[in-house]
Amino acid sequence: MTKADIVNEVAKATGIEKVTVQTVVESFMESVKESLANGNPVYLRGFGSFIIKHRAEKAARNITKKTTITIPAHDIPAFKPAKVFVAEVKTK
């Protein structure tokens, strides 16, 4: 499902114009990105959490050149689904 599909589904379900729904969806995604960029997780009860995971520094190998490189420690965004969400997906 794409962002356009989500906009269409919400517009159909609520009767709100697609342009308005698209603005809301894009604003929601921008808010989540800004919150994570500032180091704050986003919790949506019954859906899940957008969190930041820390990856430690590690050594990696380039097998074609037979060299070792160091990948520095970094943070990545992640999504952790709620138990209710997981249970609903498992039953379908």
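The values are calculated or read from the model by the stated rules, or taken from the named source; none is laboratory data. These numbers were taken from a predicted model, which means no experiment stands behind them. As a convention, Cβ positions derive from the backbone with ideal geometry for all residues, glycine included, and neighbour counts pool all protein chains shown. Side chains are part of the model used for accessible areas, which takes the heavy atoms of the whole protein and leaves out ligands, DNA and RNA. Shrake-Rupley method; radii C 1.70, N 1.55, O 1.52, S 1.80 Å.
Pairs with C-alpha atoms separated by more than 25 Å, drawn from the list Lys33/Lys65; Lys53/Lys83; Lys3/Lys80; Lys33/Lys53, are Lys33/Lys65. Loop-located GluC sites (Glu not before Pro) across segment 34-92 with a Cβ neighbour count of 10 or fewer within 10 Å are Glu57, with loop assigned by DSSP. Heavy-atom accessible area, probed at 1.4 angstrom with all protein chains present, ranks Arg45, Arg61 as Arg45, Arg61, highest first.
Listed values (i) 35, 17, 15; (ii) 25, 13, 11; (iii) 32, 17, 7 include one computed from this model; for semi-axes √(5λ) of the Cα gyration tensor in Å that value carries the label (i). Only protein heavy atoms count here; under a 1.4 Å probe, Asp5 has an accessible surface of about 70 Å².
Loop-located chymotrypsin sites (Phe, Trp or Tyr not before Pro) in segment 23-72 (DSSP state not H, G, I, E or B) with no more than 13 neighbouring Cβ atoms inside 10 Å: Phe47. The GNM of the chain, with springs linking C-alpha atoms under 10 angstrom apart, assigns the highest mean-square fluctuation among Lys18, Lys53, Lys66 to Lys66. Using a Gaussian network model of the chain in which every pair of alpha carbons under 10 angstrom is joined by a spring, one finds that among Val24, Val42, Val32 the greatest mean-square fluctuation is at Val24. Shown for the chain: the carbon plus sulfur share of the solvent-accessible area, taken with all protein chains present and a 1.4 angstrom probe, equals 59%.
Per residue, the chain exposes 83 Å² of accessible surface when a 1.4 Å probe is rolled over the protein heavy atoms with every protein chain present. The simple spin-label model puts a point 7 Å past each Cα toward its Cβ; for Leu44 and Ala11 those points are separated by 2.0 nm. Summing Lys and Arg as +1 and Asp and Glu as -1 over all other residues whose Cβ lies under 15 Å from the Cβ of Leu44 gives a net charge of +3. Note on the chain: dipole from Cβ charges, positive end direction compared against Thr20, Gly48, Val86; the farthest Cα belongs to Val86.
The listed residues Leu36, Leu44, once ranked by accessible area (1.4 Å probe) with the largest placed first, stand as Leu44, Leu36.
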